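Below is one structure, written out as structure tokens; the observations come after it.
The values are calculated or read from the model by the stated rules, or taken from the named source; none is laboratory data. The structure displayed is predicted, hence computed values, not measured ones. Cβ sites come from the backbone with ideal geometry, for glycine too, and all protein chains shown count toward neighbours. Ligands, DNA and RNA are stripped out before the accessible areas are found, and what is left, the full protein with its side chains, is counted by its heavy atoms. Shrake-Rupley method; radii C 1.70, N 1.55, O 1.52, S 1.80 Å.
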Amino acid sequence: MNAIDHSIVAPLIRGLCMSASKLPRAVIPGAGVSPAPAGCFEIDLTAALKSGALDEEAAAKALTEACDEWKFERAPSGAEASGKAATVILPSCVLVRAGGEEALYWSGADLDEARARRDANDASPWYVAKPAADARSLGSSAIARSSVVANRIALVTGGAQGFGEEIVRGLAASGASVFIADLNLAGAEKLAAELNAERGKTVAIALASNVADEASVEAMFRLIAETAGGLDLCVSNAGVLKAAGVLEQDLAAFKFVTDVNYTGFFIVSKHCGRLMRRQNRTAPQWKTDIVQINSKSGLEGSNKNGAYAGGKFGSIGLVASFALELVEYGIKVNAICPGNFFDGPLWSDPEKGLFIQYLKTGKVPGAKTVADVKAFYEAKVPMKRGCEGADVMRALYYIVEQEYETGQAVPVTGGQVMLH
Ligand SMILES: NC(=O)c1ccc[n+]([C@@H]2O[C@H](COP(=O)([O-])OP(=O)(O)OC[C@H]3O[C@@H](n4cnc5c(N)ncnc54)[C@H](O)[C@@H]3O)[C@@H](O)[C@H]2O)c1
């Protein structure tokens with residue numbers, strides 16, 4: 001066991017920086033530490049070791065106290081002070097020692113800035129704008145809604161296609177750094193490469209992950225902590241559908257759907273919650289979000305689709321329960337319940353999509369073409385169209401920006417499902 005575990009130390013340092021600036025930061029571990037670069041903040045966490053491993057709480061306390069002292073020693077004075085009155089000082093580089101080991105951590109507004117500092121070995125402190133006196137945290141000011149995710153670190157499970165891809169694209173366009181986690185690694189990599197090339201910087205990182213497998217999910221959150229220093233927004237989107245009636249569905253199909261849609265959300269929330277709690281130890285005012293992409297089928301029954309609707313209804317119970325438990329750590333937990341995404345692959349795939357399936361099985365009486373089937377389903381929506389990525393993004397930005405709500409399910413159904 002290593003005394004210094006990046007997946008513990010990086011989020012604690014990230015929290016320290018965010019607590020002072022009220023802005024998100026990326027924190028990355030660096031190579032070689034000798035000699036310590038000039039200007040870095042040095043700390044020995046040996047006293048925070050318990051049975052050879054770092055105790056999160058003790059390490060957080062030691063880091064917070066030592067950093068306050070470090071900042072105090074560097075506080076500008078005289079003429080310099082008047083020039084820097086509107087700034088707070090942050091370490092760009094932290095040298096951590098514990099149990100005979102050493103590691104360096106570099107911070108920046110985003111991954112590329114942190115990497116540039118590391119590559120230039122430039123450990124001079126940051127002076128960033130002081131947050132407004134009344135700002136409780138980012139998002140409490142009246143800013144354009146999508147900018148609430150700028151520079152935030154986000155994860156989208158099932159991000160390679162469908163709603164997940166729409167959410168990844170929306171977050172990247174709004175300035176977030178996005179981990180795209182999917183069973184389909186090739187698809188996630190293709191999307192990440194496209195977005196990074198488009199923006200000329202690192203905005204997306206692909207990961208292979210199976211949300212129904214705890215070891216895979218645990219490894220994913222470890223990798224995120226080691227790569228970016230933590231996480232602000234987890235969009236638990238991966239989901240599957242195998243429709244069948246209760247009189248016919250075999251148990252294996254029922255369990256498969258439940259494992260991904262219901263149990264998978266539990267597994268993701270568990271390991272995400274642990275990482276976000278770690279960050280919260282040094283950033284107690286910082287709010288983070290777990291958002292489940294649920295469905296209108298989590299709000300009303302779905303004929304011959306019980307496994308799916310049951311998992312979605314159940315997940316709303318998990319959302320409300322996790323929200324009660326995690327509020328203590330500044331973690332909000334909410335669900336978005338979209339209507340049907342007719343333009344996504346689930347419905348529109350020409351070979352496997354639901355439109356072609358429903359046409360072939362005669363589910364829509366009188367329908368002769370895929371367009372007829374689509375028109376039938378669109379007519380069920382008061383707003384006469386399917387749900388789109390942009391509709392889900394508006395709900396997501398609302399949830400992140402809204403600091404005074406948790407444990408809710410936000411419908412985005414064009415009026416098809418109304419709460420009562
Ligand atoms: N499409 C719709 O009409 C609709 C409507 C309401 C809600 N939703 C919900 O939106 C979410 C996304 O649905 P979609 O239609 O975009 O799906 P999709 O089938 O188009 O894409 C799902 C993605 O998740 C990945 N995935 C599947 N199982 C996974 C697992 N175990 N671990 C990691 N990744 C996995 C797939 O590889 C795929 O990239 C789901 O939760 C779904 O229930 C969809």
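Out of all the residues in segment 326-336, is one or more under 30 Å from residue 376 (Cα atoms) and of a type outside the set (D, E, K, R)? Looking through segment 326-336, at least one residue is under 30 Å from residue 376 (Cα atoms) and of a type outside the set (D, E, K, R). Sub-8 Å Cβ pairs linking a first residue in segment 176-188 that is farther than 14 Å from residue 216 by Cα to a second residue that is open to solvent by 60 Å² or more (accessible area, probe 1.4 Å), at least 6 apart or interchain, are 187/161; 188/208, ordered by first then second residue.
Let's see how each residue does on (1) at positive phi; (2) touching a strand residue (DSSP E or B) at 6+ places or on another chain (Cβ under 6 Å); (3) part of a helix (DSSP H, G or I):
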site	(1), (2), (3)
285	no, no, no
316	no, yes, yes
323	no, yes, yes
327	no, no, yes
343	no, no, no
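Here is the figure for segment 361-401: residues that are of a type outside the set (Phe, Trp, Tyr), assigned to a helix (DSSP H, G or I) and closer than 19 Å to residue 418 by Cβ total 5. When 47, 38, 59 are checked against the criterion of being outside the structural domain of residue 276 (by TED's automatic domain parsing) and within 29 Å of residue 233 (Cα to Cα), 59 stands alone in meeting it.
Which of the residues belonging to segment 331-357 are away from the ligand (no atom under 12 Å from the Cβ) and buried (at least 20 other Cβ atoms within 10 Å of the Cβ)?
Within segment 331-357, the first condition is being away from the ligand (no atom under 12 Å from the Cβ), and the residues that meet it are 331-334, 350-351, 356-357.
Within segment 331-357, 331, 332, 333, 334 qualify.
The sole residue among 242, 255, 190, 201 that is more than 17 Å from the chain's Cα centre (by Cα) and at pLDDT below 95 is 242.
Which one of these is touching a residue at least 12 places away in the same chain (Cβ under 8 Å), of a type in the set (Asp, Glu) and assigned by TED's automatic domain parsing to the domain that holds residue 163: 378, 388, 401?
Details: 378 fails: assigned by TED's automatic domain parsing to the domain that holds residue 163; 388 fails: assigned by TED's automatic domain parsing to the domain that holds residue 163.
Residue meeting the stated conditions: 401.
Check whether at least one residue in segment 240-251 is more than 15 Å from the ligand (Cβ to nearest atom) and surrounded by 16 or more Cβ atoms within 10 Å (Cβ to Cβ), and report yes or no. Yes; the residues of segment 240-251 include at least one that is more than 15 Å from the ligand (Cβ to nearest atom) and surrounded by 16 or more Cβ atoms within 10 Å (Cβ to Cβ). Residues considered: 181, 193, 197. Of these, the only one that is near the ligand (Cβ under 10 Å from one of its atoms) and under 19 Å from residue 167 (Cα atoms) is 181. Is segment 9-16 home to any residue that is on the phi < 0 side of the Ramachandran plot and open to solvent by 40 Å² or more (accessible area, probe 1.4 Å)? No: zero hits. Here is the figure for segment 91-131: residues that are open to solvent by 50 Å² or more (accessible area, probe 1.4 Å), under 18 Å from residue 20 (Cα atoms) and not aliphatic (A, V, I, L, M) total 2.
I'd like to know if segment 222-239 contains one or more residues that are within 15 Å of the ligand (Cβ to nearest atom) and either surrounded by fewer than 16 Cβ atoms within 10 Å (Cβ to Cβ) or at pLDDT below 95 (or both).
Taking segment 222-239 as the starting set, the residues that turn out to be within 15 Å of the ligand (Cβ to nearest atom) are 223-224, 234-239.
Now restrict to residues that are either surrounded by fewer than 16 Cβ atoms within 10 Å (Cβ to Cβ) or at pLDDT below 95 (or both): none.
No, every residue in segment 222-239 fails to be within 15 Å of the ligand (Cβ to nearest atom) and either surrounded by fewer than 16 Cβ atoms within 10 Å (Cβ to Cβ) or at pLDDT below 95 (or both).
Quick one: is residue 58 at negative phi, touching a helix residue (DSSP H, G or I) at 6+ places or on another chain (Cβ under 6 Å), crowded, with 16+ Cβ neighbours inside 10 Å and not in a loop (DSSP other than H, G, I, E, B)? Criteria not met by residue 58. Residue 274 satisfies every condition listed in (1) of a type in the set (D, E, K, R); (2) open to solvent by 60 Å² or more (accessible area, probe 1.4 Å); (3) away from the ligand (no atom under 15 Å from the Cβ); (4) over 22 Å from residue 216 (Cβ atoms) except (4).
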